[in-house]
1. Sorted by packing (mean other beta-carbon atoms within 10 Å per residue), highest first, where do 154-160, 266-272 land?
2. Could you derive backbone 3J(HN,Hα) for segment 254-261 from the dihedral phi with the Karplus parameters 6.51, -1.76 and 1.60 (θ = phi - 60°), listing whole Hz in sequence and x where the residue is Gly or Pro?
3. At what distance in nm do the modelled label points of residue 316 and residue 28 sit from each other, each positioned 7 Å from its Cα along Cα→Cβ?
4. Just the Kirkwood number for segment 89-178, please: inverse of mean 1/r across all distinct Cα pairs, in Å, one decimal.
5. What does the highest-first list of 276-284, 122-130 look like by mean Cβ count within 10 Å?
6. Would you work out the relative contact order for segment 98-212, in percent, from Cα pairs under 8 angstrom that are 6 or more residues apart?
7. Output the peptides 28-41, 140-153 sorted from most to least packed, where packing is the average of other Cβ atoms within 10 Å over each peptide's residues.
8. Going 7 Å from the Cα of residue 128 in the Cα-to-Cβ direction, what parts of segment 138-165 have a backbone nitrogen less than 17 Å from that spot?
Amino acid sequence: MILSFLGVWLLLLLQTSSSRSSYLSVGLKIAGVGFLAAIMGLVRPIMPQMIGASLATLITLGWITWLNPNDRSWENLEGRVPSIWQWIYGRFRYFQDQYPYALPVSCALILGTILGYSLYGGFCWQTTGDFFGPFSQQSLWNKRLGFRPWLFLTSRSPLVDLWGLYLPPLLWLTALGQVGQALGYISLVPVRGGLGSWLLALYPPLWGLAQTWKRSMTVYWQGGNPSSPFPPWGNQYDFWFATYFAMSHGAIVWLTQDRLVSLGRYIFAQPFIFLALGYVYPHLNPQHQRFLWPTLLGLSMLYLIQQWIRYGNHQWLG
């Protein structure tokens, strides 16, 4: 609950810190981002997720800059072929023009979460001699690094855990596809809708098979064939960070557990996946919107009632 509350405020600050305003205002917001990241790193061992999501967001925004056909940062070289350093500098300058606060925000998130965990890690070092005690103790929960492809087909736990594994990557692929189409590099095929499709979505592997069966997309390696406007989330740091933060939980659980137990709680009890979904939802096909909203609301109500019953019977809520 505390982590979710802090996550809401963190996302609000990330959303406002990306806007162009006075240096003092932005500086205070970035300092707030670092402070909240430190508190979150102190109350929960989320340092890998926070660092991974921050770096992945920077890479994604850099990739979008790389593919942007409007980049003309190299054209002021008087017709000369730029050196590798000139080319890198030109790209970096264009990235800074497009996302002036992305790098400071990422540094605040990374340094903040390291500082927050270091406070707790120092306590662990003094009491147990193990600075990374919260991570080392995961072995007591039978967590081991491994490759477990069968978890893509069965969670070996409640079905909501399988949804938690699939939903963040599906949102990520949707977002990347829309950006690639807007930049003219790919031409997407529409998602198959209808009642049958949404019933299959209750079991994501079958839904994915139905969507890709005998279908393909067109790729334009040179770009220049835009077929849709640039999506509003494409340049939003908070959207990409929220998506990657949710994905990182799924990746860690998939790589370290023999079942996806508690993954649904990690994904759906925090605000990150809902912010990402909120960005994408208004731009879905109206037919898909009509199914998605009542489906999510109905399943959420049923799952909440189930958790109430389990809590009343002193059962595990994971």
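Any read-out appearing in this document is the output of simple, stated calculations on the displayed coordinates, not a laboratory observation. Note that the coordinates shown come from a computational prediction; the quantities given were computed from them, not determined experimentally. Cβ placement follows ideal geometry from the backbone for every residue including glycine, while neighbour counts extend to all protein chains displayed.
1. Values: 154-160: 17.6, 266-272: 22.0.
Ranked from most to least packed, the peptides come out as 266-272, 154-160.
2. Listing the rounded values in order: 5, 7, 10, 10, 8, 8, 8, 4 Hz.
3. In this crude spin-label approximation the distance works out to 4.7 nm.
4. On the way: mean 1/r = 0.0566 Å⁻¹.
Value: 17.7 Å, from the Cα pair sum.
5. Numbers: 276-284: 17.1, 122-130: 11.7.
The packing order, highest mean first, is 276-284, 122-130.
6. Numbers: 37 pairs, mean separation 15.6, N = 115.
Across segment 98-212, relative contact order equals 14 percent.
7. On the way: 28-41: 21.1, 140-153: 11.6.
With the highest mean Cβ count within 10 Å placed first, the list reads 28-41, 140-153.
8. It comes to 138-144, nothing else.
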